[in-house]
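To start, the structure itself, in structure tokens.
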Amino acid sequence: MWVSDCHNSVKREGSLQAKPDTSQITGLRVIDTRQRCITIAPAACRYAALSYVWGATSSDLQATTMNIKDLMRKGSLDSRSLPQTIDDAIVACMKMGIGYLWVDRLCILQDDDPSRKAHWLNSMGDIYAQAYVTIIALAGKNAQHGLPGVNLVKRPASWTGTTQGIYLIEKTPAYTECLRKSRWSTRGWTFQEATLSSRRLLFSDTRVFYECSNHKNIKDELTGDYPNTAETAGAALLSYAKVVSRFTKRKLTWECDVLRAFAGVLHTGWGPENYYGIPLNIFSDAILWRTVKKNPYSTRHAAPGDAFPSWSWSSIKGRITVEPSAREGGIFAEMRASLAIWAIPRRARQRLELQIIANTLGKPEKPNKLDDVKSPNNMNEKEVTHTAHELYAPCNFRDLPTRLGVVMAWRCGCFSGSLPGILNTPFTWGEYKVFARKWRTLGHLCDEAHGMSQGSMSEQDIEARFPSNMRQGCPPGSIFVYTQSLNLNPLQLSLKKDMSLQKDILAIEVGDFLALVIDGSINIERINHVRQHNPESCFSLLAISLSEPWDSETEHLKPRTEDFWYDFAGVPLGQNPHDPHAIELMLVETENGISRRAGLARGYLKRWIDQNPQFQTFHLV
């Protein structure tokens, strides 16, 4: 009754996880619960999915290329051959009238070709989203624990007693307590299973709970319907920053599984275009990750032939947070414009190709009320002035301050695309706003400033920015970045007092430019190791992104008059005259042409420009 009610409400109202009933996952293997064998899911198949903790037992039955034919024979999955949890899940399906069950260890060939196995791992989002219900083994530490109350595994009896003639009975734990104490809620693989499921039936040692993505309440057989206050990650896909933070606080038996365990969430929430856990359609935001705890950094080790590159959060164990982005809906989030051009080496047809990450990747083409205005690269002074008088009104573009920052940074040489001649004309901010609003999105403006109109780059420009000789013999995890940089040799780190936080903050100094290290982003152990053992290594600051006006409360970094841009009438740029535009930077160390991330920092954009940074290509791993 619970499941059918939720199923009907999802069909009526829709949900972020729900997929159309007509969709079909080609070649999906499932367990036929009546025939007790593996089969290919028939069309319009109603199936349950199982989410459970594997545990350390390696002797439990798994599907492989060697035994799959045997497992497809009727009766091959008898109770004696299965872990108790899987056997109980089959029994539960039978009692609910569900003919098929999907279980990872039996429906994915565990020794399959890596590319085929990756296909199914990437499809986990569809598998769990399309399941009629996900059965969750909330109790137990491994697959042998079973689902209490379903079949052979009994629920433990509650303590009872009497005192002074009063009959006492032990209070059963609430849902939040069952969740908090469960091994299941701490495991990395189960995160995406909970996040992507529309309907969740959770078996604890004491009772069964039920969650529906379309309802804010939880149900159980004792209490009925009541508000769900637990952080289950199941209601909907949240922002990338929140999803990464919730996922990385969980544990994995094998640390090298981190990206595989995240693949389903990544594909469902942000599409197939991603690289080492970072979606390409929000790359300039997602690259700005940091640890929740400061130091030490705990490095994750990869299996032979694989990699966890230093620029990806997957390289670090422990909880990760990503700098906020307004593109993901946060009120206090930043509007960010990429100052860097990123390129991924891809092997295609026996040759190495580069995939340039456009800022407009994945952005919808939406109409703009200024589309009838002449192309901004061809506008002259009279046309801009006329357009300002005809069309300019108080602008409600949320990203307007960042757009104006991009235009001014373009004028100052922070972008490598050719500068429209019109930008050499002195304008008022009203006229600059007309120019900045011409592009449909901030991403389109950034691509134009990078010389990537329509998000593409000519072969000649690719070769100029990412020379062929740099692309030879790229190790796994390689990515190239073309951007402005400052050489830091020697690297100067110092402590500065933050007046608002009343604490010291680490800062990087070069000339009279000061960049504050972003809390939790710097790998001090790596820096110290490089200084002691690799004297030939060089440290550099790379321009990553321009962000909205920022007010530093740190000594030696108070805004000055020269930190602002002014129009020809002498009016400063910025909604708040005390907040200059900021630049977000990546600290890297480079040895033998290969660079590694060592930290993130933030400073004032105008002061960065005053240091005369130079364009350079870096090969990061």
Environment charge of Lys181, counting only residues whose C-beta is closer than 13 Å and scoring Lys/Arg +1, Asp/Glu -1: +1
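For the cross-link pairs Lys219/Lys249; Lys171/Lys249; Lys219/Lys251; Lys141/Lys293; Lys141/Lys249; Lys117/Lys242, which exceed 23 Å when the distance is taken from alpha carbon to alpha carbon?
On the way: Lys219/Lys249 27 Å; Lys171/Lys249 30 Å; Lys219/Lys251 28 Å; Lys141/Lys293 28 Å; Lys141/Lys249 18 Å; Lys117/Lys242 27 Å.
Long pairs (Cα-Cα over 23 Å): Lys219/Lys249; Lys171/Lys249; Lys219/Lys251; Lys141/Lys293; Lys117/Lys242.
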Simple spin-label estimate for Met96 and Thr186 in nanometres, 7 Å along Cα-Cβ: 2.7 nm
Inter-site label distance for Lys503 and Lys249 at 7 Å from Cα along Cβ, in nm: 1.8 nm
Estimated distance in nm for a label pair at Val292 and Met470, the labels positioned 7 Å out from Cα along Cα-to-Cβ: 3.6 nm
Considering only segment 2-227, percent of DSSP beta bridges that pair antiparallel, nearest 5: 65 percent
Sorted by Cβ density within 10 Å, fewest first, the residues Phe480, Phe568: Phe568, Phe480
Length released on extending from Lys154 to Asp112, taking residue separation times 0.36 nm less the Cα-Cα span: 11.4 nm
Nearest-20 debye value, segment 97-205 charge dipole, Cβ charges on Lys, Arg, Asp, Glu: 320 debye
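Exposure proxy check: His619, His450, His267, His301 ranked by fewest other beta carbons within 10 Å?
Details: His619 18, His450 25, His267 21, His301 10.
In order of increasing Cβ crowding within 10 Å: His301, His619, His267, His450.
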Extension gain (nm, one decimal) between Leu400 and Lys171, 0.36 nm per residue minus Cα-Cα: 76.8 nm
Radius of gyration, Dmax [segment 139-289; alpha carbons; angstrom]: 18.9, 68
Residue-span extension gain [Thr428 to Glu591] - 0.36 nm each, minus C-alpha spacing: 54.0 nm
For Asn274, residues with placed amide H under 5 Å, excluding near neighbours: Leu280
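Order these by the 10 Å Cβ neighbour count, fewest first: Phe615, Phe283. Show your work: numbers first, answer last.
Details: Phe615 15, Phe283 22.
Listing Phe615, Phe283 from fewest to most nearby Cβ atoms yields Phe615, Phe283.
Quick note: the coordinates plus some simple rules give every number you see, no bench work behind them. Keep in mind it's a predicted model, so treat the numbers as computed, not measured. Reconstructed Cβ throughout: ideal geometry from the backbone, glycine too, with neighbour counts over all protein chains shown.
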